[in-house]
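Single-structure report; data block below.
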Amino acid sequence: MAVKSVQYKQHTFSISYEILNPSAHYDIIFLHGWGSHKNLMKRAFGDHLKQFRHIYIDMPGFGNSTCNMALTTEDYATILESFISMIEADKMIILGHSFGGKVATLLNPEYLVLVGSAGILVPKPFKIRAKIALFKLLKFTGLTQLRRFFVAPDAQGLSQPMYETFKSVVNEDFSEKFRAYKGKALLCFGHQDTATPMWTAHKIAELISDSRVVEFDGDHYFFLEQGATVAKEIEKTVLKSLEH
């Protein structure tokens, strides 16, 4: 594990990262999802894709990377752009899971691998909508001390900057960002995923003209069990193009 410091908006971010296969010719950058960390991605893909130099990054506020200000998704992309340049990495191929898929899209790689990517708004179940409505009513009546009973699981235990970040990024519609992306995209999604359902993969595919959807059995973290299969799809999509 190594750490680099990135300066952004008068704040210092310590970015923790790890590199595997350091002598490989091609780079592939891995970006984890919200509430996760680089070791999860390494667990899924570390034993595969030996043709690539793997770059695993803890995004600001996660794992061993620091964050002491509220960020937007665009801020994450800007910070990581600086970091990638700092370590002299090639951003030709970026794989992003969930929230990491949105950041990866903004980084505009030549090859984008979206694994259960967020970015298409999914209607909230009635139970969640009722909970939000009740919280707003309690807030109106001044009973905000009951907030902890209404906070989403992904927001629990967060520092104030990260909670503000969560509120900023959780309900973003990335449709226009996907439409603006002009590279090649591989979309890997799980059939039982309720966070980023399969229909959202096909919606993204409609927005990114040069894209391919591969469907997997499993939930939002299907890639932890099927990293080898996802890796084969990446090789099929990317290596053929690189070799020609």
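The values are calculated or read from the model by the stated rules, or taken from the named source; none is laboratory data. Being a predicted model, the structure only gives us computed values, none of them experimental. When the accessible area is computed, the model is the full protein with side chains, heavy atoms only, and any ligands, DNA or RNA have been set aside. Shrake-Rupley method; radii C 1.70, N 1.55, O 1.52, S 1.80 Å.
How far, in nm, would the chain grow between residue 164 and residue 179 when pulled straight, counting 0.36 nm per residue and subtracting the alpha carbon separation? It would help to have the intermediate numbers written out before the result.
Working: separation 15, 0.36 × 15 = 5.40 nm, distance 2.70 nm.
Extra length from residue 164 to residue 179 when fully extended: 2.7 nm.
If the elastic network links every pair of Cα atoms under 10 Å, which of 157, 33, 100 fluctuates the most in the Gaussian network model of the chain? So, out of 157, 33, 100, the one fluctuating most is 157. Computed on protein heavy atoms with a 1.4 Å probe, the accessible areas place 219, 58 in the order 219, 58, largest first. Within the P(r) computed for the chain, what percentage of the Cα pairs occupies the region above 35 Å? Result for the distance tail: 14 percent.
Pick from 25, 48, 220: which residue has the top mean-square fluctuation in a GNM of the chain where Cα pairs under 10 Å get a spring? Maximum among the listed residues: 25.
Largest mean-square fluctuation among 197, 60, 22, in a Gaussian network model of the chain whose springs join Cα atoms under 10 Å apart, belongs to 22.
Could you work out the relative contact order of the chain? I mean the mean sequence separation of Cα pairs under 8 Å and 6+ apart, divided by the number of residues, in percent. Relative contact order comes out at 18 percent. Going down the table (38/232; 91/177; 4/184; 102/232; 9/232; 50/167), which pairs top 28 Å between alpha carbons? Beyond 28 Å between Cα atoms: 4/184; 9/232; 50/167.
Out of the DSSP beta bridges found with both residues in the chain, what percent are antiparallel (nearest 5)? Spell out each step's value before the answer.
Numbers: 11 of 36 bridges.
So the antiparallel bridges amount to about 30 percent of the total.
Candidate cross-link partners of residue 203 among the aspartates and glutamates, defined by an alpha-carbon separation under 17 Å and a same-chain spacing of 8 or more, comprise 172, 173, 176, 193, 215. In this view, the solvent-accessible surface of residue 53, computed with a 1.4 Å probe and all protein chains in place, comes to about 40 Å². The heavy atoms of residue 50 present about 120 square angstrom of accessible area, all protein chains included, probe 1.4 Å.
According to the calculation over all Cα-Cα pairs in the range 1-126, the P(r) per 5 Å bin from zero is 2, 11, 22, 26, 20, 10, 5, 2, 1, 0, 0 %. Taking amide H as placed 1.01 Å from N in the peptide plane, the amide H of residue 213 sits under 5 Å from that of 187, each at least 5 places away or on another chain.
Once C-alpha pairs closer than 8 Å and six or more residues apart are averaged by separation and normalised to the residue number of the range 152-244, the relative contact order reads 25 percent. Scalar couplings 3J(HN,Hα) for the range 16-28, obtained by applying the Karplus form with A = 6.51, B = -1.76, C = 1.60 to θ = phi - 60°, are 8, 8, 9, 10, 10, 6, x, 8, 5, 6, 10, 9, 9 Hz; x denotes Gly and Pro.
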